[in-house]
Amino acid sequence: MAEIDDKSDCGKEFIPSADKRHPEVFELLHVLRDKLCLWIDNGDLDNPSTPLEWVKIAVCVRTYNIFKAAIALLERDFWEDALILIRTLFELLLNVEELLRSETEQEKRAGRFILFEKLQTYLKHVALIEYNLQMERPLKRPEAYADVQLKAKRLFSSFIVGTKNGKVKWAKSWHGRNVWELAEASKNPMRTGQYKTLYAYCSALVHASPAAVLSTNIEMGSEMEWEGVTEKRLNDDKEGIMLTVGFLAQFSFEVLLLAGSVLPKFDASVGFEVFERICKMYGVTPPMRGVPVTL
């Protein structure tokens, strides 16, 4: 990652940022970003009338926010950090696939999805309360806290998976699967390969391993050595940028294909056109529309 601004402290021209080194790539991302803005920010969305519509709208908004954040990072050469967001987007896509897996149970699953968010909000408050207790900050109404815990057990009973040391053990997801199991259960045969790519590679970045720490440093030496190393690093960065861009465009569009029925202005042809142009950048023939795409 060339974490370098356009100019050094002395004001001399230095290494241009990624959006200036690869304008054709970011032109495509901006096309899709502007369409997302049209479909979501200016899309005249109706108020949701069912749990499923509510979740679909929230999913589209979340996708849009991830997309904008990833572009902001990519433009300034923080593609490794953008790739971490791609993992979030991948899990969002898997969750939407799970939500819609059974046509007869989609509303029921959407209700469970919403209820799990309430559980997560409750557990966040519990964590803050327990932290304050650990810091020896007394509760103002300890009896109220005990009452809330009892009510939570009743309200979220479907997410109780056991007890541990006398405490309730809560489910870690609304669907009861881990990410690998969601990828295996997907109808898209490329999901497991995408999982392996993102998790084998991205885990090093997420968990601040030596690969994550040292990848941001350029070895120092003579000016000639520095130029050679910099050129190699920029070539490596281009590979990382293209990997991230490909997944960002693909996963965002796949989410919209699944949840975009709540967007009155959504136009699927735009996404296909962006896919085809990205494929050409990779030097491969764009797949026929309707065929699963992997970048």
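Can we say ALA70 is at pLDDT 95 or above, in contact with a helix residue (DSSP H, G or I) (Cβ under 6 Å, 6 or more places away or on another chain), in a helix (DSSP H, G or I) and small (Gly, Ala, Ser)?
yes
Return the residue satisfying two criteria in turn: it lies in the range 236-271 and is more than 16 Å from the chain's Cα centre (by Cα), of a type in the set (A, V, I, L, M, F, W, C) and crowded, with 17+ Cβ neighbours inside 10 Å, and of such residues it is modelled with the lowest pLDDT.
The residue in question is VAL270.
Tell me which helices (runs of 4 or more DSSP H) are completely within the range 97-216 and hold 3 or more residues being over 22 Å from the mean Cα position of the chain (by Cα) and farther than 29 Å from PHE251 by Cβ, or say none if there are none.
Result: 106-134, 142-155.
Residue under question is THR88, and the condition is that it be out of contact with any Gly (no Cβ under 8 Å at 6 or more places or on another chain), among the β-branched types (Val, Ile, Thr) and under 24 Å from CYS279 (Cα atoms); does it hold? Outline the logic, then answer.
Working: out of contact with any Gly (no Cβ under 8 Å at 6 or more places or on another chain): yes; among the β-branched types (Val, Ile, Thr): yes; under 24 Å from CYS279 (Cα atoms): yes.
Answer is yes for this residue.
The values are calculated or read from the model by the stated rules, or taken from the named source; none is laboratory data. Quick caveat, the model's predicted, so the values are computed rather than measured. FYI the Cβ positions are ideal-geometry reconstructions off the backbone, even for glycines, and counts take in every protein chain you see.
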